[in-house]
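Only one structure is covered here, and it is reproduced in the block below.
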Amino acid sequence: MSLEQDIANVVSAAEQLTGIVDTKIEDINSTVNSKVSEMDSTISQQVTRIDSAINNKHIIGEGGQGTKSFAIAGYFTNVRETTNIHIKLPYTLDTHNCMFHVSVNGYAYGEAKVVDSTFVGYCYKNGNNLIHTQNLGTHEPDSYVGSDNHIYLRLTFSSTYYLTLSVDSIRVGNGTVLGVGDVTIISNPAEKL
């Protein structure tokens, strides 16, 4: 009987040890899963911060008036032609009351000239008009309302051979911060689009 009792005690002890080990394994798994979840959350937050920084790399400021956006659009061509470069803004007369300040800088190699122009104005929906404009700089800067009701900025070039342009903006008045993808650069000899 003693041998049977000893075997029963060993079996009972083995079952208790198995229970303890199973509980410890569950505790370890729970702790590891908790830490993995915590790490995933931290990594996700860092990825969000990095994505935000990448998306805002063109913007300096807090988003209010005076915030500057740099290189929101670029243009290059090595085609030699006489044409106009039209910059289509996101504002339309039937939708927006927005002031704007846009600068275009670059190098017109084919003309051996600096490109340096600034455009300001007010897309005034309430008056159905483009008002309080001033266009200064090289290449006969002008602003106008296109046939699609968008506000356009225009520069005139006698040669676009190796023409490089960069567009910057400042948030002014009741305008918006213009960012990458907000403006479109179009080469077209027409005076207005």
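The values are calculated or read from the model by the stated rules, or taken from the named source; none is laboratory data. These numbers were taken from a predicted model, which means no experiment stands behind them. A quick note on method: Cβ atoms are made from the backbone with ideal geometry, for glycine too, and the neighbour counts reach across all protein chains shown. Remember, those area values only see protein heavy atoms, side chains included, never the ligands or the DNA or RNA. Shrake-Rupley method; radii C 1.70, N 1.55, O 1.52, S 1.80 Å.
Could you please let me know if Thr67 is of a type in the set (Ser, Thr, Tyr) and more than 23 Å from the chain's Cα centre (by Cα)?
On the way: of a type in the set (Ser, Thr, Tyr): yes; more than 23 Å from the chain's Cα centre (by Cα): no.
No: the conditions fail for Thr67.
Restricting to segment 120-132, what's the tally of residues that are under 27 Å from the mean Cα position of the chain (by Cα) and open to solvent by 50 Å² or more (accessible area, probe 1.4 Å)? Working first, answer last.
Just the residues of segment 120-132 that are under 27 Å from the mean Cα position of the chain (by Cα), to begin with: 120-125, 130.
Of the ones still in play, those that are also open to solvent by 50 Å² or more (accessible area, probe 1.4 Å) are 124-125.
Residues that pass the stated criteria total 2.
Mind counting the residues in segment 84-118 that are over 19 Å from Ile59 (Cβ atoms) and either without any contact (Cβ under 8 Å) to a residue 60 or more places away in the chain or open to solvent by 40 Å² or more (accessible area, probe 1.4 Å) (or both)?
Residues meeting the conditions: 18.
Look through segment 107-154, keep the residues that are more than 19 Å from Pro189 (Cβ to Cβ) and small (Gly, Ala, Ser), and return whichever of them is modelled with the lowest pLDDT.
So the residue we want is Gly127.
Filter segment 43-64 for residues that are at pLDDT 75 or above and open to solvent by less than 70 Å² (accessible area, probe 1.4 Å) and give the result.
Ser44, His58, Ile59, Gly61, Gly63, Gly64
Do any residues in segment 168-193 that are farther than 19 Å from Gly61 by Cα and basic (Lys, Arg) have Cβ atoms under 8 Å from those of residues that are open to solvent by less than 40 Å² (accessible area, probe 1.4 Å) and in a loop (DSSP other than H, G, I, E, B), where the two are at least six apart or on different chains, and which pairs are they?
Between residues of segment 168-193 that are farther than 19 Å from Gly61 by Cα and basic (Lys, Arg) and residues that are open to solvent by less than 40 Å² (accessible area, probe 1.4 Å) and in a loop (DSSP other than H, G, I, E, B), the close pairs are Lys192/Gly146.
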